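Enquirer: My structure is below; once you've seen it, I'll send some questions.
The values are calculated or read from the model by the stated rules, or taken from the named source; none is laboratory data. None of these values were measured; they are calculated from a predicted model. Positions of Cβ are generated from backbone atoms using ideal geometry, with glycine treated the same way; all protein chains shown enter the neighbour counts. Only protein heavy atoms, including side chains, enter the accessible area calculation; ligands, DNA and RNA are left aside. Shrake-Rupley method; radii C 1.70, N 1.55, O 1.52, S 1.80 Å.
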Amino acid sequence: LERSLKDLKEGIDFQVIEGDQQTLNDAKRIEAIEIPVIQINTGKGCHLDGDMIQRALKKLKPKDGSVLMIENVGNLVCPSMFDLGEELRLVIISTTEGDDKPIKYPDMFHGSQVCIINKIDLLPYVNFDVEVAKNYAKQLNPNMIFFEVSATTGEGMEAWYSYLKNLIANK
């Protein structure tokens, strides 16, 4: 998210809602790149819900034509079960987490349209088969779109950016 916001903020008006159980760490990193952000801390809760998003939107007041990014609480179980009114749901997995993520957390992959596979720069050092991960995800969602990226090196980010820009242009 941070890399995308840094690279695209000159051409796209972004706002962000950050969801975490505790801390303002993510929101502070987003603020540092001068993107309007609201942090929602859920305490013992494992996900954001529609009421939380509505309250945050009243504070953020996004402009027409802007893009609201919602980073839900960082797990692949609870957030998959709650509609936040999003137009696009994407799941980000890392090569360091294992290629079996889709079959371990099927609801998230079934309900997402896009899967970003991050940290591809680490593929030579980890036990992760990109095609295995994609095949598992496609068993759950045959229409899923994939982007293989490294947010650290920038590899693959242009394809993701082109997709996002095209999506925005066609709204």
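Enquirer: Counting only residues 5 or more places away or on other chains, whose amide H sits under 5 Å from the amide H of Glu148 once H atoms are built in the peptide plane?
Expert: So Glu148 has HN proximity to Ile117.
Enquirer: Going by a 4.7 Å Cβ-Cβ cut-off, which cysteines of the chain have no partner at all?
Expert: Cys115
Enquirer: With springs only between Cα atoms under 10 Å, which of Pro79, Pro102, Pro62 fluctuates most in a Gaussian network model of the chain?
Expert: Taking springs between Cα atoms under 10 Å, the residue moving most is Pro62.
Enquirer: Within the range 87-111, whose backbone N sits under 16 Å from a point 7 Å along Cα→Cβ of Tyr163?
Expert: Correct set: 87-95, 102, 109-111.
Enquirer: Still on this model: Accessible area per residue of the range 1-122 at 1.4 Å probe, in Å²?
Expert: 53
Enquirer: Given the options Glu87, Glu34, Glu131, which has the most mean-square fluctuation in a GNM of the chain, springs set between C-alpha atoms less than 10 angstrom apart?
Expert: Glu87
Enquirer: In addition: Between rounded, prolate and oblate, where does the range 1-150 land on the alpha carbon gyration tensor, with a ≥ b ≥ c its root eigenvalues, rounded for a/c under 1.5, else prolate if a/b exceeds b/c?
Expert: Taking the square roots of the gyration eigenvalues as a ≥ b ≥ c, the range 1-150 is prolate.
Enquirer: Cβ under 14 Å from Val130's Cβ, Val130 left aside: what net charge do those residues give with Lys, Arg +1 and Asp, Glu -1?
Expert: Result for the neighbourhood of Val130: -4.
Enquirer: Modelled label-to-label distance, Leu90 and Val126, 7 Å Cα→beta-carbon offset: nm?
Expert: 1.7
Enquirer: State the Cα centre-to-centre distance between the range 7-57 and the range 105-153 in whole Å.
Expert: Distance between centres, Cα-based: 24 Å.
Enquirer: Under the rule of at least 5 residues apart or a separate chain, name every residue whose amide H is placed under 5 Å from the amide H of Leu48.
Expert: Long-range HN contacts for Leu48: Val73.
Enquirer: OK, next. Angle check, please: helix 50-60 long axis (alpha carbons) against the longest principal axis of the chain (alpha carbons), in degrees 0 to 90, nearest 10.
Expert: 60
Enquirer: In the range 36-171, with Lys and Arg counted as +1 and Asp and Glu as -1 at Cβ, which of these residues, Val149, Met108, Val67, has the Cα nearest the positive end of the dipole, that is, farthest along it?
Expert: Value computed over the given set: Val67.
Enquirer: Continuing with the same structure: What is the percent carbon and sulfur in the accessible area of the chain, measuring with a 1.4 Å probe over the protein chains and ignoring ligands?
Expert: For the chain, the apolar C and S fraction of the accessible surface comes to 48 percent.
Enquirer: Here's something else I'd like to know. Taking amide H positions as placed 1.01 Å from N in the peptide plane, with prolines and chain starts having none, which residues 5 or more places from Ile92, or on another chain, fall under 5 Å of its amide H?
Expert: Here the answer is Ile116, since their amide H atoms fall under 5 Å of that of Ile92.
Enquirer: When a/c reaches 1.5 or more, the comparison of a/b and b/c decides; with that in mind, is the range 63-171 rounded, prolate or oblate per its Cα gyration tensor?
Expert: Oblate, since a/c reaches 1.5 and b/c is not below a/b.
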